[in-house]
Each structure stands twice: as C-alpha cells, then as structure tokens.
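Below is one structure; the comments refer to it alone.
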Amino acid sequence: MSVVTENTRNERLGKPSADFSTHTEPFRRELLAHCYRMTGSLHDAEDLVQETLLRAWKSYDRFEGKSSVRTWLHRIATNTCLTALEGRQRRPLPTGLGTDSSDPTADLVERAEVPWLEPLPGRSDDPTDPSEIVGSRESVRLASVAALQHLSPRQRAVLLLRDVLQWRAAEVAEALSTTTVAVNSLLQRARAQLDAVGPSSEDRLSAPDSAEAQDMLARYIAAFEAYDIDRLVELFTTEAIWEMPPYTGWYRGARDIITLIHQQCPAELPGDMRMIPLVANGQPAAAMYMRVSDRHVPFQLHVLDVRPDGVSHVVAFLDGSLFAKFGLPESL
C-alpha cells in the first residue's frame, strides 16, 4: 500500500496527513541516501524509503517528540533495512570479487545473476542532496559504498549511525535494541574492516562541481563522442581501473583500457556515441547513448574518479533501467 493511499484512509480517521507530510518530506532524500548506503541498491533503497514512510505514518499518532522527526525516521529506516537485508548477498563491483585484472583481448564474462552494486543519482539543484554536501559526499562515493558491502548489515548500521549521522552510542543502542557495549564492539570491528578494504583517507577526488572535474568530464565526453582514442588515452592515469558490471572482468592501466574499448565497443565512427554529463555518488558521471539505426539508445552509465592527474577509475554500468532513475530520456 502506498503512503498516499494510507494518507487517504487515515484522513478519514481524523489523522493529519498534511502535518505528517510537512514534517517528513524534507528528509526523503537523505533517507534514500541512508537506505542506499545500507543496501548498495538504488532500486531497493527507493522501496525501503517508501516502506519507512508507511511504517512512520502508521505510528505517527504515537510519536511523542522525544527525539527529532529526523532521528525517528532514520531509526525506522535502519530497522527496515536490517529486516530487508536478512539472508541477502552483498552487492559487489567486479574489483570486489577477489580476481586479478583481466586480459582486455579475452571474451567478456557476464554474470547477470549477481546483485551488483548500483549508482546513486545526484541532484545539483537540491542543496539537501547528500551527494552535494561536502560533509557527506565521501559516504556515498562508489568506493565507500562498495567497502560497506564487506560489513555485516548490523556493522553497516552502527557505522553509518555513529560516523555518518553522528549519533551517540546510547542512541544507536536504543535504535537497534542492544547495549552500548555491543554497539562499541560492532563499531570497532566495522572500522577495522573498513580500513582494510575501503578507500584511503588520502584518496581525495575532485568534487563534481569543481572546475578541474568539469573540465576533465567535458574532455572525456568529447573524446568518446569523437571516437578519438588517442585523446582518450591521455585522460587516464597510469594505474587507472575500468570495470563494467554485469561483466566480471576489470582492467588496470590506460593501455589495457584502450585495448578493451577497441575490442569490445560497438561504436565504429565519430557520432556513434553521445553522452550527457551527470552527477552520481557525489562524483562526475556521464550517460552514454549508442547509435542504433537512426537514433541513440541507452548503453552505459559511467561514474568517474577524477584526480588532479586524470581519470583514475571508471565504473561503466550496463543497466538500461538506471537511465529512467536518473531522469534521462529513453533515446536521443
């Protein structure tokens, strides 16, 4: 049942649906980011936000205001996510499968059954968007969310509530129906594991709205649209990584990346590819459309790590359903 339907039913019972919406709607976007960090899935996160708001609506008449509405909603969202994650596999990227880098001349191996990590759309027109706020941008980076997938769901919950939302240990313990000692133990283990698999604190990327990132993204798009491989190779760092779920392979180094593009890209001529600049996961991104007959159709969604010395990592998602999530047209 949707929140709208539930609102209508409860209005007849005298519950103030307008008041509920006024107090909860401002937090929808950050709830989406929280559920996304927990699950690694945009599709799941959207469903879980809807479930969170439905649960909140049903208990709204019992909300006593002992905590803020924001804290109350995040508590509900966290427990909703924990229930949903029971028995589920983690969502990796190809680099997280524990394999060595691949031969760019070898056949691609697709594993559509793997629940791959998904990207999170950014909204530069929304100042409350977590991917636009410098303080929380790091927590929605693809590398950070991929690292969270190595933690158990309860470790993820504790880490996010303590380190991202800045809750006190006692607040987390109450939300998760456990003890402060257990929370501190989970947090210690989660931080240690994240240090082992997560991005380095020195791995600072250019903000998507910086002149540096904007220039690099524009040059990246121009090189693909012109199918100018010589120009493209100059944009990658020496140890750049390229991966493209649902294919299991990943590739290291500009030379191997360019070989892969030559071997596997269906484009043949300038103009075969068209790209739209985006923001995803607090990073510069681009939607690639490939020419099919007389139009261009969704092909890949690229999320870039941009450093001062060039593009150091690209995740190219081959999932056409993501285009609608990013508000992109069905064709060009």
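The values are calculated or read from the model by the stated rules, or taken from the named source; none is laboratory data. Bear in mind the structure is a predicted one, so any value in this text is a computation, not a measurement. A quick note on method: Cβ atoms are made from the backbone with ideal geometry, for glycine too, and the neighbour counts reach across all protein chains shown. Heavy atoms of the whole protein, side chains included, go into the accessibility calculation; ligands, DNA and RNA do not. Shrake-Rupley method; radii C 1.70, N 1.55, O 1.52, S 1.80 Å.
Data overview
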item	result
Computed FRET value (nearest 0.05) for Gln166 with Thr259, which takes r as the C-beta separation and R₀ as 51 Å	0.65
Whole-number percent relative contact order across the chain, with pairs defined as alpha carbons under 8 Å at least 6 apart	17 percent
Within a Gaussian network of the chain (alpha carbon springs, distance under 10 Å), most fluctuating of Phe317, Phe27, Phe299	Phe27
Angle between the chain longest axis and helix 3-12 axis [Cα atoms, degrees, rounded to 10]	20 degrees
Principal-axis tilt of helix 42-58 within the chain, Cα atoms, nearest 10 degrees	10 degrees
Alpha-carbon Rg with Dmax, taken over the range 17-88, Å	11.8, 37
Heavy atoms of Cys35: accessible area, 1.4 Å probe, square angstrom to 10	0 Å²
Charged-residue dipole, Cβ positions (Lys, Arg, Asp, Glu), the chain about Cα centre, Debye nearest 20	1420 debye
Estimated 222 nm signal from helices in the chain, with DSSP H stretches of n ≥ 4 weighted -39500 (n - 2.57), rounded to 500	-13000 deg cm²/dmol
Farthest toward positive dipole pole in the chain [+1 Lys/Arg, -1 Asp/Glu at C-beta], among Ala182, Pro246, Pro277	Ala182
Positive dipole terminus of the range 211-326, leading residue within Gln214, Ser321, Gln300 (C-beta point charges)	Ser321
Heavy-atom accessible area ranking, 1.4 Å probe, most first, across Lys66, Lys325	Lys66, Lys325
Given charges at beta-carbon only (K, R positive; D, E negative), |dipole| of the range 211-326 in Debye	260 debye
Degrees separating the helix 69-84 axis from the principal Cα axis of the chain, which is the longest one	70 degrees
Debye log10 I(q)/I(0) for the range 211-326, one point scatterer per Cα, at q = 0.16, 0.18, 0.22, 0.23 Å⁻¹	-0.70, -0.91, -1.45, -1.60
For the chain, the longest site-free run once GluC sites (Glu not before Pro) in DSSP loop states with at most 16 other Cβ atoms within 10 Å are removed	114-201
Computed accessible area, Thr180, all protein chains, 1.4 angstrom probe, square angstrom	60 Å²
Note, ³J(HN,Hα) from phi for the range 22-33, Karplus 6.51, -1.76, 1.60, rounded to Hz, x at Gly and Pro	4, 7, 9, 4, x, 9, 4, 5, 6, 5, 4, 4
Listed residues Leu318, Leu304 arranged by accessible area, highest first, probe 1.4 Å	Leu318, Leu304
Euclidean distance between Cα centres, the range 185-231 to the range 305-332, Å	13 Å
